[in-house]
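The values are calculated or read from the model by the stated rules, or taken from the named source; none is laboratory data. Small disclaimer: the values here were computed from a predicted structure and weren't measured. For neighbour counting, all protein chains shown are included, and Cβ atoms are generated from backbone atoms with ideal geometry for every residue, glycine included. With ligands, DNA and RNA removed, areas are computed over all heavy atoms of the protein, side chains included. Shrake-Rupley method; radii C 1.70, N 1.55, O 1.52, S 1.80 Å.
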Amino acid sequence: MTSHDIKTSKHKGKIPKISIKTVQKPSYIVEHSKLQRFDQKAIIFERVMWDSSWEGYKKRYDEKVLDVVTQGKDGYSRVDFALAYASWIIHDAFAGGFSWTKIKTYRTPVDNIGIDWTKTKHEVDDPQKTNAFIKRAAKLFGASLIGICRLNRNWLYADVKIPERFENAIVMAVEMDAGGITTSPAAPAAASTGVGYSKMAFILAGVGEFIRNLGYEAIQCGNDTALSIPLAIDAGLGELGRNGLLITPHYGPRIRLCKIFTDLPLKYDKPIEFGVKEFCKKCKLCAKHCETEAISMDNEPTFEVTCRSNNPGALKWYVDVERCYLFWWENGTDCSTCIKICPYNIMSAARINPSPREF
Ligand code: SF4
Ligand code: SF4
């Protein structure tokens, strides 16, 4: 897509100007009296398994696949679903992707290993230099964006305990395939999502082991352990959008997020702002195109949550993830329409967003 296409499409008049500024404080507004660490049991996929008070209880969306395939719609064939399910395989099968300790390998110990040099700490005289090689490594392993921040423990899930020495968070974004996402809510978009998750496992394992080989510790996390979006905002990767997703200046919301907590000394990046909240107030495209009206049409963000899977205490447009999940169930697969339609994504697919900052 070119910028000309954008001007002639339904995005006419809805193309944000991106001017990134670094700021001292993250762009989110929280009310500390309401803020609490998020209970993982409230995650919508968990509630499918235990919350008998909710309509989505025991409604697993894979049970719809055969029905949906039979309907013969474009993007919902047996081939499309086979690809979408395959896309998750590294994420789902490679436990090393989410390890908190040295990853076990299939190789048997060999006789020619003498002293384990990885057990001594690499001396850090300048955390700025450490940032540079961590970011280069993350990029080498496939991360699209990397930011570093102090670990704000408000974002850890309620039942998670992490020793105080893990002070730092390396937050990484992985770009998802732009072409696949354009097919949402059909299964090729789900394949783009699954590949994003599988890449996360690969990147996390590589960066995690790199840190351990320097003599430090690494806790590798996908969606588990802590809320990724506020950490990504803290680390300067983007701002929160109306669609409840991180909007990055470089790829819009068309990314997946993962993070590593570590005791490796690092220098922090600054949060950024580029006008997302003000743009979202008027844009509303994600809300208009959501098949199930799960996204708020209100002009202003609020502290009022929409369902028990929302975490209270932040000023934002809360997404009704119960409705969202029920649409996924009807659809037989997940949906990325609020990513596809977002002008920040459209711009990145047309390659008119700013390039990612230098690593
Ligand atoms: S994923 Fe789809 S159903 Fe869910 S909020 Fe986004 S557009 Fe709506
Ligand atoms: S599509 Fe939604 S998230 Fe994206 S800019 Fe518009 S209102 Fe914001």
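Descriptive notes on the structure:
- Dipole check for the range 214-293: with +1 at the C-beta of Lys and Arg, -1 at the C-beta of Asp and Glu, and the Cα centre as origin, the magnitude is about 440 Debye.
- Between the range 209-240 and the range 312-359, the Cα center-to-center distance that results, in Å: 20
- Magnitude of the charge dipole for the chain, about its Cα centre and with charges confined to Cβ atoms of Lys, Arg (+1) and Asp, Glu (-1), is about 820 debye.
- Electrostatic dipole magnitude of the range 167-325 [Cβ: Lys, Arg +1; Asp, Glu -1; Cα centre; debye, to 20]: 300
- Part-to-part distance (alpha-carbon centres) for the range 56-106 and the range 118-132, which is given in Å: 38
- Computed with every protein chain present, the accessible area of GLU55 is close to 120 Å² [probe 1.4 Å].
- Toward the positive end of the charge dipole of the range 277-325, with +1 on the Cβ of Lys and Arg and -1 on the Cβ of Asp and Glu, the farthest Cα among PRO312, ILE295, CYS280 is that of CYS280.
- Calculated [θ] (222 nm, deg cm²/dmol) that DSSP helices of n ≥ 4 give over the chain, each run adding -39,500 (n - 2.57): -9500 deg cm²/dmol
- Euclidean distance of C-alpha centroids, the range 12-54 and the range 154-168, integer Å: 18
- Potential lengthening between VAL160 and ILE115 on full extension [0.36 nm per residue; Cα-Cα distance subtracted]: 12.8 nm
- Cross-link partners of LYS14 among lysines (Cα-Cα below 26 Å; sequence separation of 8 or more within a chain): LYS277, LYS281, LYS282, LYS284, LYS288, LYS316, LYS340
- Cα gyration tensor, the range 25-94 - rounded (a/c under 1.5), prolate or oblate: prolate
- The mean sequence separation of alpha-carbon pairs under 8 Å and at least six residues apart, normalised by the residue count of the chain, gives a relative contact order of 28 percent.
- Overall form of the range 179-272 per C-alpha gyration tensor (a/c, 1.5; a/b vs b/c): oblate
- Global form of the range 309-359, assessed from the alpha-carbon gyration tensor, a/c cut-off 1.5: oblate
- Stokes-Einstein D for the chain, Kirkwood Rh over Cα pairs, 37 °C, 0.692 mPa s (µm²/s): 153
- Of the DSSP H helices in the chain, those whose Cα atoms cover at least 30 Å axially and whose Kyte score averages 0.0 or more: 187-213
- Using a Förster distance of 22 Å, the FRET efficiency for ASP298-PHE45 (Cβ separation, nearest 0.05): 0.25
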